[in-house]
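Read-outs: derived from the displayed coordinates by stated rules, not from any lab. The model shown is predicted, which means the values in this text are computed figures rather than measured ones. Cβ sites come from the backbone with ideal geometry, for glycine too, and all protein chains shown count toward neighbours.
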Amino acid sequence: MQKQGLPWAEVRSNLQKRSISLEDIKAWRKSEASANRPSGYKDFCLNYDFCQTCLGEGVTINDNGIGFKIIGMDGDIQLFEQCPVCEGSGRAGGPYVQKKK
Ligand SMILES: [Zn+2]
């Protein structure tokens, strides 16, 4: 796998904007939980067609699930890894996934 670090603004440049707020996510989880259906954030991502690997963030997440993985430094600038699955789009079924090599 090719590793290429990108500054924050750039690593997020392919990300497709979400129109879902934190409140929407909370409300969805609450209603799913009360209906006894899976209500984790991963389930939410699945339901809303977000990338399961980066959870719709377009950036590789740390192995412990907290924060984003920093794979290098450019001077003082932290470099992040674009999600290799969705290529930074944050979407599970977007055009980025379909043109996969
Ligand atoms: Zn992804």
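Structural remarks
- Taking the Cα centre of the chain as reference, the dipole from Cβ charges on Lys and Arg (+1) and Asp and Glu (-1) amounts to some 360 debye.
- Counting lysine pairs in the chain whose alpha carbons fall under 20 angstrom apart, excluding pairs fewer than 8 residues apart on the same chain, gives 9.
- Estimated at 0.36 nm per residue, the fully extended path between TYR48 and ILE61 surpasses their Cα-Cα distance by 2.8 nm.
- Among 47-53, 83-89, sorting by the average number of other beta carbon atoms lying within 10 angstrom of each residue, highest first, gives 83-89, 47-53.
- Degrees, to the nearest 10: 22-34 long Cα axis against longest axis of the chain: 40 degrees
- Per-residue packing, averaged as other Cβ atoms within 10 Å, sorts the ranges 55-67, 18-30 into the order 55-67, 18-30, beginning with the highest.
- Proximal charge balance of PHE68 [Cβ under 12 Å; K/R count +1, D/E count -1]: -1
- The chain: C-alpha pair distances exceeding 20 Å, %: 43 percent
- Considering only TRP8, CYS51, ASN62, and ranking their Cα positions along the charge dipole of the chain that arises from unit charges at the beta-carbon of Lys, Arg, Asp and Glu, the one farthest toward the positive end is CYS51.
- Between ARG37 and GLU10, the modelled labels are 4.1 nm apart [label points 7 Å from Cα along Cα→Cβ].
- Cysteines having no other Cys beta carbon under 4.7 Å from their own, within the chain: CYS45
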